[in-house]
Amino acid sequence: MPTVRPFSAEQSRLLVNLRQRYEVWRDAERELARLPYDLRRKTVNGRDYLYRIFDRGGNGKSLGPMDEANTHQFEEYHAAKTALKARIAGLRPALAESAALYRALRLPLLSSDAGPILRECDRRELLDGTLMVVGTNAIAAYMVEANGMIALPDETEDFDLAWVREADCADEDLVWSMLKAVDSTFTINTERDFQARNAKAYEVELLVAPSRYTALGNTDRPRPMPLPEQEWLLLGRPVDQVVGCRDGSPARIVAPDPRWFALHKLWMSRQAKRNPLKRPKDEAQGYALLEAVKIAMPHYPLDEAFRSEIPIELEPMMQAWEQRNTPMTRPASDW
């Protein structure tokens, strides 16, 4: 039966420091992201105007002549942007030090390709109620939540995100603009339009529950089909942790409640439509994660209150796990 190997005091201390440093850096990055892309002074027909620039191509909109108010706005903007960039540059060495120690202490790692996607999501505040990590990459966050190593594969060569936002995003391309900001080579797989792929063949899949599908922007991409089983991953309380990547950088993961993620994995392992090569790993992850919850995550109780919420489709999975954890008894005549 898989068990959790607790982190050492040094590993646990490093995790606390990494999160604190990451959040300070992240908050500064968010402040910078909220500023306009650029404010520039342009001369048109001999007169100076203030322009708000939207992108690298220089596309923008005039804010009017460079009068006293616009001159003040121009100077204030550039002073704030310069200060924020200096602040971020000053924070990076301490963050890099913690991330390097994280790797040296052999804590659970994400792939280097996942890190930039997660950091861009966090910079854009998409991990605060819009997107969750629902694939195997979530395992690293569950290990940190359990404060220990769980003996099972913790990453794959693709990346699964779920759209979980309830508010209607109308024509916003939140996911697609995020992916293109990370890597301009991302394109949609024409045969699987719920999947984006970059020039390195790294795949990002977007999933969604039927109850959240209409909130996804009309033109956003990738374009997932609503899957009823994704509803289970909306239940409970998400895990929110900062983990390290193989390239020495940190990233934040928000993932489903580990109890529902584990039961979902066990359910997937029994589906005929599931790739047969993935089913054994699904089962191993599901059982190991439920065991980790029982051993090391008392704040996610497997009690009667939780059992009463389990839908009929997942009841056989819970029963199978409970039977694995029931000690074998021998008849009295055998003693």
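Read-outs: derived from the displayed coordinates by stated rules, not from any lab. Source: prediction; values computed, not measured. With ideal geometry, Cβ positions are generated from the backbone for all residues, glycine too; neighbour counts draw on all protein chains shown.
Worth pointing out:
- For the chain: relative contact order, % (alpha-carbon pairs under 8 angstrom, 6 or more apart): 18 percent
- For the range 238-316 versus the range 8-36, the inter-centroid distance based on Cα atoms is 26 Å.
- Structure remark: mean-square fluctuation, Gaussian network model of the chain, C-alpha springs under 10 Å; the largest value among 56, 103, 119 belongs to 56.
- Mean Cα-pair separation over length for the range 234-287, i.e. relative contact order, pairs under 8 Å, 6 or more apart, %: 29 percent
- With each label modelled as a point 7 angstrom along the Cα→C-beta vector, the residue 20-residue 68 pair spans 4.7 nm.
- Length-normalised contact order of the range 2-99 in % [C-alpha pairs under 8 Å, at least 6 apart]: 29 percent
- Taking a point 7 Å out from the Cα of residue 48 in the direction of its Cβ, the residues of the range 67-84 whose backbone N falls within less than 18 Å of it are 67-80.
- A straight chain from residue 191 to residue 237 at 0.36 nm per residue would run longer than the Cα-Cα distance by 13.1 nm.
- If R0 equals 51 Å, the separation of the Cβ atoms of residue 86 and residue 325 corresponds to a calculated FRET efficiency of about 0.40.
- A helix-only calculation puts the chain at -13000 deg cm²/dmol for mean residue ellipticity at 222 nm, using -39500 (n - 2.57) for each DSSP H run of at least four residues, averaged over all residues.
- Note on the chain: dipole from Cβ charges, positive end direction compared against 210, 285, 99; the farthest Cα belongs to 99.
- Structure-derived semi-axes √(5λ) of the Cα gyration tensor in Å - corresponding label in [x] 33, 21, 19; [y] 44, 24, 16; [z] 46, 20, 15: [y]
- Antiparallel beta bridges, as assigned by DSSP with both residues in the range 145-284, represent about 60 percent of the total such bridges.
- For the chain, the number of Lys pairs with C-alpha atoms closer than 27 Å, counting only pairs eight or more positions apart or on separate chains, is 18.
- Here the chain carries DSSP beta bridges of which approximately 75% are antiparallel, counting only pairs with both residues inside.
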